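Structure, as structure tokens:
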Amino acid sequence: MRSFWRKAPLDQRLRIGKRTPMFPIRDHNPSGRTPYVTYTLIAVNVAVFLAYWLALRDPNALGYFYFTWGVVPAEVMAGYGWQGFFTSMFLHGGWLHLAGNMLFLWIFGDNLEDEMGHRLYLVFYLVAGILASVLQVAADPTSQAPVVGASGAIAGVMGGYLLLFPKARVDVIFIFVIFFRIFAIPAWAVLGVWFGVQMFSGLSTPTGAESVAYWAHIGGFLAGMAMAVPLWLARGGARFWQRNLGAPPHPEARYVMAKTSIPRAGRK
């Protein structure tokens, strides 16, 4: 197993989460109270990443670290390495991996925490992350590639958000070669497309051939939706959507593009 780490490039040793060229940058629904748990999770993820990323400069040492604290399906099926189900949620494969995950958590986590309450939201997040890894192991039980990242837990947050706030407006940036545009799109479209991409990729990519933990994303998303159902029913189910127009029960934020102070040069 260790020789696997010495021979394989680092980017081939990990299963991480990746985002599409269409990605959200903010929503229009600030939470009604301070999302302490979301902020704490972001801070812990960043602190843990900095601690090992700056300390373990040798690629082999870093690889062994991931191998020890990530979820390795082959080890789990052999009856050990269970600690990875928890610790892998706080590990990331690089700066972009970390930044992308924390952006998604910052956008979607605050409203879910506001609706659930701090303690229930924390339990929800951790359970979604564990169940995400369980499905990844079930999908590829012989893999020796460690699964790392908060993507599964954050996918659970996204699934819960979709159920509770399907019509919340989310600003999404689309990249067209060298240009980009920002559009305000309902959450059901943004998250629905994201989940569709994960399903298509997971079903069309042979197990063992990908470096992205698609099935962890799928498992986390479905687990998040399922765990949010009791809260949704307690709030009235479809009546909850009607009462709040499918968005969080707070005034919607309005973002206006500020005018530039640079003078315009007209034609003579």
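Read the figures in this text as sums done on the coordinates, not as results from a lab. Bear in mind that the values here come from a model prediction, so they are computed numbers and not experimental data. Here Cβ is always computed from backbone atoms with ideal geometry, including for glycine, and neighbour counts include all displayed protein chains.
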Query raised in the report: Once fully extended, how much extra length lies between Asn60 and Val123, figured as 0.36 nm per residue of separation less the alpha-carbon to alpha-carbon distance?
Result: 19.3 nm
Query - Derived scalar couplings ³J(HN,Hα) [region 29-41; Karplus, 6.51 cos²θ - 1.76 cosθ + 1.60; whole Hz; x for Gly, Pro] - result: 10, x, 6, x, 9, 5, x, 4, 5, 4, 4, 5, 4
Query raised in the report: Between Thr68 and Thr87, 0.36 nm times their residue separation minus their Cα-Cα distance comes to what?
Result: 5.9 nm
Query raised in the report: Which order, highest average first, do 26-34, 239-247 follow once you tally other Cβ atoms within 10 Å for each residue and take the mean per peptide?
Result: 26-34, 239-247
Requested in this report: Calculate the tail of P(r) for region 99-193: the fraction of all Cα-Cα distances greater than 22 Å, expressed in %.
Outcome: 38
Report summary line: The extension gain from Ala99 to Ile182, computed as 0.36 nm times the residue separation minus the Cα-Cα distance, is 28.0 nm
Report summary line: With R₀ set to 51 angstrom, the calculated FRET efficiency between the beta-carbons of Ala51 and Gln242, to the nearest 0.05, is 0.60
Query raised in the report: Which part of region 184-200 falls in the paramagnetic zone of Phe174, meaning amide N under 15 Å from the point 7 Å along Cα-to-beta-carbon?
Result: 184-186, 189-191, 193-194
Query - Leading residue at positive end of dipole, region 68-217 (Cβ point charges), from Tyr80, Leu122, Ile182 - result: Ile182
Query - Cα centre as origin, Lys/Arg/Asp/Glu Cβ charges: region 105-227 dipole, Debye - result: 180
Report task. Go through 103-115, 152-164, 120-132 and give me the packing order, highest mean Cβ count within 10 Å leading. Result -> 152-164, 103-115, 120-132
Report summary line: Amide H neighbours of Ser143 at under 5 Å, excluding residues fewer than 5 places away on the same chain, with H built from the backbone geometry, are Ala74
Report summary line: Karplus-derived 3J(HN,Hα) from phi for region 128-145 (6.51 cos²θ - 1.76 cosθ + 1.60, θ = phi - 60°), whole Hz, x at Gly and Pro, runs 4, x, 5, 5, 4, 5, 4, 5, 5, 5, 5, 6, 9, x, 9, 5, 9, 8
